[in-house]
Amino acid sequence: MENNRRKFLKIVSHSLGGVLAAGIAAPLVGLGIHPWLKETVYGTEDFINLGKLEDFPIGIPKKMNVTSSKMDAWNVFEGLVMGSVWVLRKEDNSLSVFSVNCPHLGCGINWGEEEKQFLCPCHEGIFDINGKVVSGPAPRSLYSYETKIENDNVLVNYKKLI
Ligand code: FES
């Protein structure tokens, strides 16, 4: 009888010890593994808000910074500038959002208000207001990002171009 009682107490005590050890170990293991399982940069898969549609003039491209959030192992950094884009709002409120980088060798392009064209300062590349090559060495049109309007906000599916 005494022997059975001891066995029972031994089993109960070992079981409780196991449960307590698992309760302590699980969060520690999670804490150690967590940073490796987490995305290190987010915001690039979702559409990013560039501002209210009304803030974009019709027919004049406006350069905008694209900001998002970045997370390292334990910190979130809000409002990091990931890059820039040219946003063109058209008469019918449809949008074109272009990369600021020239498709030739990647120089930053500018909007020429007098010329009504995008101008690349590096090799005199010229693009029309729709991003198509007018002249110069660029092999293709300006890169155009997917965009949409939601609740009067201009959203862009921004990807960092390499
Ligand atoms: S980099 Fe723009 S034309 Fe060469």
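Considering the Cα positions of the range 41-157, please state its Rg to one decimal place and its Dmax as a whole number of Å.
Rg then Dmax for the range 41-157, in Å: 15.2, 49.
Restrict the search to the range 78-128; then list the GluC sites (Glu not before Pro) that DSSP places in a loop and that have at most 13 other Cβ atoms within 10 Å of their Cβ. Let's see the in-between values first.
Details: sites: GLU78, GLU91, GLU113, GLU114, GLU115, GLU124; in loops: GLU91, GLU113, GLU114, GLU115, GLU124.
Here the GluC sites (Glu not before Pro) that fit, given the DSSP loop and packing criteria, are GLU91, GLU113, GLU114, GLU115, GLU124.
How much of ASP55 can a 1.4 Å solvent probe reach, expressed as accessible area in Å² and rounded to 10?
That residue has around 90 Å² of solvent-accessible surface.
The values are calculated or read from the model by the stated rules, or taken from the named source; none is laboratory data. Because the structure is predicted, anything quoted here is derived from the model rather than measured. Quick reminder, even Gly has a Cβ in these numbers, built from the backbone with ideal geometry, and neighbours come from all protein chains shown. What goes into the accessible areas is simple: the full protein's heavy atoms, side chains included, and nothing from ligands, DNA or RNA. Shrake-Rupley method; radii C 1.70, N 1.55, O 1.52, S 1.80 Å.
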